[in-house]
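Visitor: Sharing a structure with you now.
Laboratory data are not the source of any read-out in this text; all were calculated from the coordinates shown. Keep in mind it's a predicted model, so treat the numbers as computed, not measured. A quick note on method: Cβ atoms are made from the backbone with ideal geometry, for glycine too, and the neighbour counts reach across all protein chains shown.
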Amino acid sequence: MLRADGAVHHAAGASDAQELAAVLAAAVAYLRALEAAGMGLEAAAGRIELALTADVNQIATIAKFRAIRLLWGAVLREAGLPASAVRVHATTAWRSLTRRDPFVNLLRTTVATFAAGVGGADSLAVLPFTQALGLPDPFARRLARNTQLILLEEANVHRVSDPAAGAGAVETQTDGLAAAAWDLFRAIERKGGLAEALSSGWWQGEIAAVAARRAKDVATRKEPLTGTSEFPLLGQAMPDVLAPVPAIEPPTSSTALVPHRLAEPFEALRDTAEAAGMPCVFLATLGPVAAFTARATYARNLFEAGGLAAPVPEGFAALDDLVAAFLSSGARLACLCGSDDIYASDGAAAAAALKQAGATVWLAGRPGELEAALTEAGVSGFVFAGGDVVDTLTKAHAASGM
């Protein structure tokens with residue numbers, strides 16, 4: 001049996017449609033090779049297995065596994081072959097695993113496993129939740145195995161054939177995904193097949209463009225990573241592994257499909273901060289608790305995603321108290337946190353006092369019409385929803401002396 005596997009494409013950043021197209025193109029290449037070796041097409045089709053990656057987007061994963069059967073049926077029709085079943089294997093997504101707060105990986109793999117089962121996977125491999133940390137120990141492997149068993153024996157996922165059939169969202173996404181994948185498959189065929197598309201570097205360029213857009217979504221937290229880019233837990237003890245992840249050797253070819261995980265930019269920031277002793281950011285809260293809590297919580301969440309401790313103080317009775325607290329904190333970077341009204345009345349004075357005390361001063365929120373006045377008072381950066389968090393945290397590291 002030959003397996004047309006999309007895992008290498010998915011790990012390199014491919015979209016669902018690109019993964020489907022690559023799997024289909026590889027399967028067609030196998031059909032041609034077997035026919036050239038003297039095997040009949042119908043017999044050759046029965047020797048091929050398809051493999052896809054199950055990711056954390058439940059509806060998209062269900063649609064992907066349903067779409068591959070539509071696409072394979074189209075290939076058989078084009079080849080003049082009768083419709084026949086194809087075996088589809090699933091593996092949970094490597095690129096969605098995180099090293100930080102790895103227990104969230106249990107939720108990720110559970111969603112992916114459920115979606116693959118509902119989508120019609122015939123077999124499944126669940127990656128242990130510590131896979132990104134190193135060689136999983138027996139406990140992590142047992143949890144991976146039990147994830148499947150519980151969904152089979154208690155949720156009875158396997159007892160209904162195509163349970164998502166007729167659901168408008170799933171049917172629409174299945175049809176759209178199959179159409180997009182078929183167009184991409186035809187584009188690969190026009191390049192001379194998957195081998196030629198890879199040899200020329202064209203396919204890698206197509207995947208890289210999609211991966212870059214996704215990386216931007218991760219950096220801006222449009223695509224959040226729980227426990228990594230959102231709601232980080234500093235100082236969390238890591239689970240045991242049998243051996244650490246080995247050093248990744250650079251690819252021998254510049255056109256190689258290089259696997260990567262979405263969390264890597266944030267993990268690199270956390271590693272840098274921990275190596276530097278986990279510097280802190282001083283959150284300069286202005287006004288009453290009700291006025292600063294929202295932005296202080298946002299700022300803490302943001303800075304700690306980069307490994308910078310940012311405890312939220314209870315507030316300060318006077319500006320002198322705020323400056324004294326900054327000086328005793330040991331921080332180099334201070335971030336003003338308050339409401340728009342308080343920024344208008346007290347922001348400039350607080351920024352000037354902190355700057356005079358030696359702080360690099362940032363402000364949580366969009367400055368709006370106050371930008372010129374705040375900048376003149378000493379505010380050199382603004383943090384707000386929708387910004388590039390990786391870039392912001394890199395600058396925060398520099399401001400903190402790293």
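Visitor: Going by Cα centres, segment 234-287 and segment 315-384 are how many Å apart?
Guide: About 30 Å separates the Cα centre of segment 234-287 from the one of segment 315-384.
Visitor: Separate question: In debye, nearest 20, what is the charge dipole magnitude of the chain about its Cα centre with +1 on Lys and Arg Cβ and -1 on Asp and Glu Cβ, if you could check? Walk me through the numbers before you get to the answer.
Guide: Working: 32 positive and 41 negative charges, 176 e Å.
Roughly 840 debye for the chain.
Visitor: Among rounded, prolate and oblate, which fits segment 2-219 when a ≥ b ≥ c are the square roots of the eigenvalues of its C-alpha gyration tensor, a/c under 1.5 means rounded, and a/b larger than b/c means prolate?
Guide: Since a/c reaches 1.5 and a/b is larger than b/c, the shape of segment 2-219 is classed as prolate.
Visitor: Need the full-extension length gain, residue 77 to residue 371, defined as separation in residues times 0.36 nm minus the C-alpha distance. One decimal, nm.
Guide: Full extension from residue 77 to residue 371 adds 99.5 nm.
Visitor: Give the label of the value calculated from the structure for P(r) over Cα pairs in 20 Å bins from 0, in percent, choosing from (1) 24, 44, 26, 6, 0; (2) 27, 62, 10, 0; (3) 25, 55, 20, 1.
Guide: Matching the structure shown: (1).
Visitor: Please state the relative contact order of segment 2-219 as a whole percent: Cα pairs under 8 Å, 6+ residues apart?
Guide: Normalised by residue count, the contact order of segment 2-219 is 26 percent.
Visitor: Classify segment 274-399: rounded, prolate or oblate, from the alpha-carbon gyration tensor (a ≥ b ≥ c, eigenvalue square roots; a/c under 1.5 rounded; otherwise prolate if a/b is larger than b/c)? Before the final figure, lay out the partial values.
Guide: Details: a/c = 1.41, a/b = 1.21, b/c = 1.17.
The shape class here is rounded.
Visitor: How many nm is it between the label spots at residue 230 and residue 2, if each spot is 7 Å from the Cα in line with the beta carbon?
Guide: Modelled inter-label distance: 4.3 nm.
Visitor: Still on this structure, please answer the following. In whole angstrom, note down how far apart the Cα centers of segment 68-102 and segment 288-302 are.
Guide: One Cα centre to the other: 45 Å.
Visitor: Per the helix-only calculation at 222 nm, which mean residue ellipticity applies to the chain, given -39500 (n - 2.57) for every DSSP H run of n ≥ 4 and division by its residues, nearest 500 deg cm²/dmol?
Guide: Values: 15 runs with 197 residues, N = 402.
Computed ellipticity for the chain at 222 nm equals -15500 deg cm²/dmol.
Visitor: Another one. Enumerate the residues in segment 84-127 having an amide nitrogen under 16 Å from the point lying 7 Å beyond the Cα of residue 159 toward its Cβ.
Guide: The answer is 118.
Visitor: Moving to a separate point now. How long is the gain from residue 388 to residue 32 if the chain were fully straight, where each residue apart is worth 0.36 nm and the alpha carbon distance is subtracted? If you can, show how the numbers build up before the last one.
Guide: Values: separation 356, 0.36 × 356 = 128.16 nm, distance 4.65 nm.
So the extension gain works out to 123.5 nm.
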